[in-house]
Amino acid sequence: MAGHRIAFALQHEAHVTLVDPKDYFEIPMAVPRLLVEPSRTPEALLPYAEFLPAVEHVRDRVVSVQPGLVRLSSGVAIPYDNLVLATGCAYPTDVLKAVEGGLDARRVHFEDLAARLRAARRILIVGGGPVGVEIAGEIAQDLPGREVRLIQRGKYLIPSLAPGPSKYARDHLRKHGVEVVFGRDVADSDIATADLVLWCAGYGLDTSYLRDYPGKVLDEFGRVLVDPYLRMTGTENVFVAGDITALPEPKLGIWAGRHAAVIIENLRNPRKLKAYKPATGNKTMLVTLGRRHGTGHAPFGDFTNSWLARKFKATDMFIGKYRKAVGL
């Protein structure tokens, strides 16, 4: 969410090297829609070659970062004047997990998953965060007649939202035939009776490439400690963006985009660094419930407004916005 923006902005101003095992950027907010409308997959998977023509793309994975040098899994070492760490989060299952086989493999993966979804009569969704809720909303609208069960360990859907929008999401899903179960973990019997299980519960971070970096640069959760300018603590030329930052704010794409904007400016103007103000306590979020409905929290307060959801997200799940942002 941050790395591709930084590379795009600076590709004609510096020698930019992008290390990523994938050859595309995936618009993550579009994934729930792609499960019911896989024909939009080509629009939501953006090949790096199309919008990063001046960037040197190395399809590999970083395994070690040291001052002035990164080492890849292939053994290749790449020197740097400035480094941006924007490795984000990792998902355990195939709904959001990146396919490293490349763009064509990911497209086939979505088509296969969508076909399995259409063929299923009993669908189990594990996890009632924004991804699980949005997928349930898409299925309820586009694939009516399925038996959909959503299991949420906690007492509320999308617990980071206020009670009003959370209740609206629950009532909307139930009204449209989704069985919403609270207060327990998924059981073997749930899985045994489902034709398809979509696991939407949690994610992890991998910053193991910093384990040998001099000094203390990680917090107890493995997130990267940063200074007010989004530089890794104790450094002047290593910037950090996105979910791996040890900042007291929600881990959402909107804030990763703000990180990217600050880092771009600081790389362009190293003598006049711009500070980043964490979005501590900010509940801004828009959760769609199919193509025509949604709920969430905006700067003016909570909303359960279908028009607002359609205008800003539900119609195309930000596909147009992200393509336009990189000139496509």
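The values are calculated or read from the model by the stated rules, or taken from the named source; none is laboratory data. Since the structure is predicted, the reported quantities are computational estimates derived from the model, not experimental observations. FYI the Cβ positions are ideal-geometry reconstructions off the backbone, even for glycines, and counts take in every protein chain you see.
Within the stretch 215-262, restricting attention to residues that are outside any strand (DSSP E or B), touching a Leu at 6+ places or on another chain (Cβ under 6 Å) and of a type in the set (A, V, I, L, M), the residue that is farthest from ALA86 (Cα to Cα) is VAL217. If you go through the stretch 118-155 and pick out every residue that is not aliphatic (A, V, I, L, M) and not in a loop (DSSP other than H, G, I, E, B), you end up with 12.
The condition of being under 23 Å from LYS321 (Cβ atoms) and either at pLDDT 95 or above or surrounded by fewer than 21 Cβ atoms within 10 Å (Cβ to Cβ) (or both) does not hold for PRO21. The set of residues in the stretch 156-184 being without any contact (Cβ under 8 Å) to a residue 60 or more places away in the chain, part of a loop (DSSP other than H, G, I, E, B) and under 24 Å from the mean Cα position of the chain (by Cα) consists of TYR156, LEU157, PRO159.
Taking ALA114 as the residue in question, decide whether it is touching a helix residue (DSSP H, G or I) at 6+ places or on another chain (Cβ under 9 Å), surrounded by fewer than 21 Cβ atoms within 10 Å (Cβ to Cβ) and small (Gly, Ala, Ser). Yes.
Restricting VAL148, VAL99, VAL84, VAL133 to residues that are modelled with pLDDT of 90 or more and farther than 26 Å from GLY296 by Cβ narrows the list to VAL84.
For (1) surrounded by fewer than 17 Cβ atoms within 10 Å (Cβ to Cβ); (2) outside any loop (DSSP other than H, G, I, E, B); (3) in contact (Cβ under 8 Å) with a residue 40 or more places away in the chain, each residue gets a yes or a no:
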{"position": "ARG271", "(1), (2), (3)": "yes, no, no"}
{"position": "ASN282", "(1), (2), (3)": "yes, no, no"}
{"position": "LEU286", "(1), (2), (3)": "no, yes, no"}
{"position": "ARG292", "(1), (2), (3)": "yes, no, yes"}
{"position": "HIS297", "(1), (2), (3)": "no, yes, yes"}
{"position": "LEU308", "(1), (2), (3)": "yes, yes, no"}
{"position": "PHE312", "(1), (2), (3)": "yes, yes, no"}
{"position": "LYS321", "(1), (2), (3)": "yes, yes, no"}
